Structure formats: structure tokens, C-alpha cells
Amino acid sequence: MKIKPYFRTKLSEPFQGKYYHEAGASVALTSAIETKSLGKFMVIIPDPVSLNFNNAVNFIERSKQIKQEIDNNKKMTVFSGKLNEKDIKGLNLNQIKELDKDADIFRDLENDKIFDYIQTTMGVVVSLVTAVESFLNMIIPFDYTVEITRQGEKKIIEKNEIVRRFSIEDKIELVEKCKGKTGIKQQKFWNSFKIVKELRDNIIHFKKTDSNLNQLWSPIIVLLFDIDFDKTFVDFVDLVNYLEPAYLEEDKS
């Protein structure tokens, strides 16, 4: 996905600011940057939604390459009460099972490759959820308020506090209401969103408990290998398009 400018427009008439622009000129929001390593330069402010979606695409492509490299390794480790290493040498999986149906057979994969895959797919998960939350934070009207009651007292919550304190699910419901939409949880993309959002939470808020580390890590690793990230990417884009169809339209300026 192409990264869009945060804001771009065409001028309907000439504009004289610090610099002169002709009518019809395409202008984007830019910022002057000064760094120790590169000096001074101008940069167009990127739209965080398409930026994170693009990041997810890059992670997805990289993860597919790594997964293929992992799968190319056909070595096996066999734990058997009947067979020794000499007995199983040169045999395939079915032949080993014929000799010992109770044998435990594991693929002997490279841990470094698996770790690389886990890191990369974590990047997919975090980027997708960040893209949606960035979209929600931006699309909530700047003057939008919510009235809540705490300990019997009514309080007005403004956008800044909504952005900081509301959960992503609450923000989705809020934007759904603002846009006059209904039934978002019945859309095909919703299940993908819930699965990936929960996975992101488990990754970001991972809690170390020595007594059940396997129970914590195993479901995460299984999902990272078994999720169809190409389909999931489409589902997340569909979620944004459902709430604001024009948001991700390609910039033609």
C-alpha cells in the first residue's frame, strides 16, 4: 500500500506564504527537519494509517520468505521407545510410524529462523492494529464529546481524553455511531480484527509466569504461523473502508 501524505490539496488560486504557489499547484503538509546525522531537510508529513498498513505489507512479504526457508528444512527428530537412531536412519515419517506407531516425531527446525519469523509476524500484528487505531484517532471529530457519569456526577469527555483513555473497541463503536453505520460486528472482517487485536494485546502485555510459560507462548506461536496474513490485511483495510470508504483512496494529486 502506498503511503499517503497526511494532507494534500490542489490550490484553487495562487497562494503567497513563505513561498509562492501557482493556482492548481499540488501542495502537501510538510515539516522542516534538522538532524545531527543528515542536517536540514523537508519531509512531507505521512498519513499514519497508510504508513502502518504499508509497514504491515512489508512484514507480511518478509514473513512469507522466512516461512518458506523454514519449511525447506526436512530434518526430523524422533523420540521412540522401540527404535534407535540407527533403526530410523533413511526412513520417512510413514515408515517410522509403521515400526512404532507411538513414536513422537518433531520437525528439526532452526530456532534462529523461527525467532526471525516470530519477530516479523509480530510486526504484522502490531502494524495492523496501530493502523486501525490511528485511523480511529484521526477520524473522530475534533469537537466530539462524550458525556459520562462517575459517582453520580456527569462529566464531559473531549476528544483528547477519548483518544488517550478509550479502548480501540470503544473508539470503533464511537466512530460507527458518528458515521451512521450499524452492524460492524456482523461484518466478515470483524472476526479477523478480534483475533489479531487479542494477539496484539498478548504480545504487548506479555506476562512472565514461570509455571505456565508454555501455555502463554504456545497459542501465540501457533497463531503467528497459522493466520493467513494476506487475508487478514484485506480484512483490516475493509474495516477502515467500512467506516470511511474514501480514506484510503489513492492520492492522485
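The values are calculated or read from the model by the stated rules, or taken from the named source; none is laboratory data. Nothing here was measured: the structure is a model prediction, and the numbers come from that model. Backbone-built Cβ (ideal geometry, glycine too); neighbour counts: all protein chains shown. Heavy atoms of the whole protein, side chains included, go into the accessibility calculation; ligands, DNA and RNA do not. Shrake-Rupley method; radii C 1.70, N 1.55, O 1.52, S 1.80 Å.
Summed over the residues of the chain and divided among them, the accessible surface reaches 66 Å² per residue at a probe radius of 1.4 Å. Note on the chain: dipole from Cβ charges, positive end direction compared against 95, 45, 123; the farthest Cα belongs to 45. With contacts taken as Cα pairs under 8 Å and at least 6 residues apart, the chain reaches a relative contact order of 18 percent. Extension gain for residue 16 to residue 147 (0.36 nm times residue separation, less C-alpha to C-alpha distance): 42.9 nm. Accessible area ranking (1.4 Å probe, heavy atoms, ligands and nucleic acids excluded), largest first, for 97, 171, 177, 75: 177, 75, 97, 171. The slack between residue 71 and residue 85, meaning 0.36 nm per residue of separation minus the straight C-alpha distance, is 2.8 nm. Sorted largest first by accessible area at a 1.4 angstrom probe radius, with every protein chain in place, the residues 69, 98 fall in the order 98, 69. Per atom type, segment 121-231 shows carbon and sulfur on 49% of its accessible surface, probed at 1.4 Å. Partners of residue 40 within straight-line reach, counting lysines whose Cα lies under 24 Å from its Cα and excluding those fewer than 8 residues away in the same chain: 4, 18. Taking label points 7 Å from Cα along the Cα-to-Cβ direction, residue 214 and residue 228 give a separation of 3.2 nm. Within straight-line reach of residue 2, meaning a Cα separation under 22 Å, sit the following lysines at least 8 residues removed in sequence or on another chain: 10, 64, 231, 252. Using the Cβ-Cβ distance between residue 177 and residue 32 with R0 set to 45 Å, the FRET efficiency from 1/(1 + (r/R0)^6) comes to roughly 0.70. The dipole here belongs to the chain: it is taken about the Cα centre, uses +1 on the Cβ of Lys and Arg and -1 on the Cβ of Asp and Glu, and is about 280 debye.
With the simple spin-label model, which puts each label point 7 Å out from Cα in the Cβ direction, the residue 9 to residue 111 separation comes to 5.7 nm.
Protein-only accessible surface at a 1.4 angstrom probe places the residues 190, 217 in the order 217, 190, largest first. Expressed per residue, the C-alpha convex hull volume of the chain stands at 252 Å³.
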